[in-house]
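*Asks:* First, the structure itself, so that you have it in front of you.
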Amino acid sequence: MSLATRTAAESAAVPQDDPRRSWAAVFALARFEARDLLRYIPVLATLLLYVGYTAWTLFHEKEGMDAFPALQDTDRATQSGPLLFGIALFVCVNRCTLRSRRRGTDRQFDVLVMEPWRRTVAHVLSVVPFAAVTALVVLGEFTRQALRPGAVGHGSVAELAVGPLYVLLCGAFGVLLARLLPSTFAAPVGVVGLFVFGVFISAGTGGAEWSRWLSPIVDENSGNTVLPSDLLGRPAAWHALYLTGLVLLLALGAVLASGGRTVYLKAGAAGALALTLAGAVGQSGGVSAQLAAAREQATVSPQRDQTCVKRGRSTYCAFPEWTGRAGTWAQAVDRVQSLAGGTAARQPLVVRQRVDARYGLTADGAIDPLTAPGQVTVGTRWGGNRVPEFAVAVASVLVAGDESKGGELCDGRVVTTMWLALGGASHPMIDLANVRLDDSVTGSAYVLAPTSGLSMTAGQTDVLRELLERPRGEVTASVKQHWTELTASGVSTAQVARVLGTEVPKGAKDCAEE
């Protein structure tokens, strides 16, 4: 009688190999299954898309705010990349696990010495190489951002682990589903079912903190707020523990469903359940009283947490992770002051970093302007539009005296302020569009700043645009010569135009839109 025609009872009498040879066979089967997964178009296509797109972003020159990453946000940004790849892996691993059932070869497998539960272990292990590739991509992505000259902050290992853990979770769930529901339609239906289940859970719990963190990847509603690392309040370590326990629980559950009944497997499943529950409880605590107090202090009294350094005449105060950016801020301040006249050209300023941290990362709060003379607000984000916005804040303080009064400017001093902010820029007309709320260079518009901005009338915009188109040295000399007149309270836009030699806008009305 050949091996292929032995009955199950006869095969049970075959002497078992020693454990080392059995596990060697499991690892060999796992390698085969991993290679076989690459033959599935969804897995190969999504893997190439994920790796290729990430590689393109790594070597693509970053501009604007992307050139100044905060690493406490960069680590979280690595989590969304493997989403599609994980779903493809879930479906295809499920299909691979059901291969013998689809092709009617279960009876042939039953006569082999390797037990069914060991074959299930091999299917679970076949996902590990893909999780390792994901870990390498995540590490490369984070390392590249960390090496950028403008990078600040600190990353979290727990946040970086979410991507690879998500891939393992998808694979383990695919194997478990194949063992519990041996149907090729179960995986596609499972994808839709999980999405619907997640929507209903979120709606039913009102987006509560505990339910939000049950998802493998937890994003934030707002990407505009950058907080110091110690104010994030994300239970990243607990979440990584929760995902680790869940991966082990699903994997061991699939092995148990395949007939594995050893004491070690049962003890491992119990331990995985304990890890999952511990992580789930730990991540559902919400914002602690200590964190809420720290966020309040960073918002209301940031000077208690900041370090100040002196650059030239001015002082720059920032949260510890941003102190290295003082030199970049000083360049912007010096550029604005080089165009000013009178005492403003030599006035010492205090540039203070401020952020509204009271609502965490989920919402953006407006920052009130400072009332102390000579103090300027700078945010936690830099690059792109943030540079001309900061220049507007510096210029308004030089012209009006403080930020609060600068936000109330509506007469001809608006032209002077905007000239100081943009006159020294490499591309002033582009910065003019970027700093205005509607991205325009004509007509009336609201000008953005780190705190309260300015309102420009159409006439003020016409005068400023003409100044920006003239030779910089010529306008700078005229501004310095007539500084007192240009910064006098109540000076009209028409007077500013005549003093600086531009065309006087017809029918211009200060302090109101035309």
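*Asks:* Please work out which residue is surrounded by the fewest Cβ atoms within 10 Å (Cβ to Cβ), limiting yourself to the stretch 134-158 and to residues that are closer than 20 Å to VAL247 by Cα and either polar (S, T, N, Q) or in contact with a Phe, Trp or Tyr (Cβ under 9 Å, 6 or more places away or on another chain) (or both).
*Replies:* That would be ALA158.
*Asks:* Output the residues belonging to the stretch 445-468 that are touching a residue at least 40 places away in the same chain (Cβ under 8 Å), of a type outside the set (Gly, Ala, Ser) and in a helix (DSSP H, G or I).
*Replies:* Correct list: GLN460, ASP462, VAL463, LEU464, LEU467, LEU468.
*Asks:* Same structure, new question: Only one residue in ARG465, ARG436 is out of contact with any helix residue (DSSP H, G or I) (no Cβ under 7 Å at 6 or more places or on another chain) and open to solvent by less than 10 Å² (accessible area, probe 1.4 Å), so which one is that?
*Replies:* Of the residues listed, the single one that is out of contact with any helix residue (DSSP H, G or I) (no Cβ under 7 Å at 6 or more places or on another chain) and open to solvent by less than 10 Å² (accessible area, probe 1.4 Å) is ARG436.
Quick grid of which residues meet (1) under 27 Å from LEU420 (Cβ atoms); (2) loosely packed, with under 14 Cβ neighbours inside 10 Å; (3) modelled with pLDDT of 95 or more:
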site: LEU277; (1), (2), (3): no, yes, yes
site: THR299; (1), (2), (3): no, no, no
site: GLY324; (1), (2), (3): yes, no, no
site: ARG335; (1), (2), (3): yes, no, yes
site: GLY341; (1), (2), (3): yes, no, no
site: TYR359; (1), (2), (3): no, no, no
site: THR371; (1), (2), (3): yes, yes, no
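*Asks:* Does GLY104 meet the test of being modelled with pLDDT under 95 and under 18 Å from the mean Cα position of the chain (by Cα)?
*Replies:* Against the criterion (modelled with pLDDT under 95 and under 18 Å from the mean Cα position of the chain (by Cα)), GLY104 does not qualify.
*Asks:* A further question on this structure: If only one of TRP419, TRP483 is open to solvent by 20 Å² or more (accessible area, probe 1.4 Å) and touching a residue at least 24 places away in the same chain (Cβ under 8 Å), which one is it?
*Replies:* TRP483
*Asks:* Output the residues belonging to the stretch 422-433 that are part of a loop (DSSP other than H, G, I, E, B) and either within 24 Å of ARG346 (Cα to Cα) or open to solvent by less than 30 Å² (accessible area, probe 1.4 Å) (or both).
*Replies:* Listed by number, the residues that qualify are GLY423, GLY424, ALA425, SER426.
*Asks:* Exactly one of (1) under 14 Å from LEU232 (Cα atoms); (2) open to solvent by less than 40 Å² (accessible area, probe 1.4 Å) is unmet by ALA293. Its number?
*Replies:* Condition not satisfied by ALA293: (2).
*Asks:* Could you check the stretch 142-192 and list, in sequence order, the residues that are over 23 Å from ALA55 (Cα atoms), in a helix (DSSP H, G or I) and not hydrophobic (A, V, I, L, M, F, W, C)?
*Replies:* GLY171, GLY174, ARG179, PRO188, GLY190
The values are calculated or read from the model by the stated rules, or taken from the named source; none is laboratory data. Bear in mind that the values here come from a model prediction, so they are computed numbers and not experimental data. No Cβ is skipped: glycine too gets one built from the backbone with ideal geometry, and neighbour counts run over all protein chains shown. In case anyone asks, the SASA skips ligands and DNA or RNA and just uses the protein heavy atoms, side chains included. Shrake-Rupley method; radii C 1.70, N 1.55, O 1.52, S 1.80 Å.
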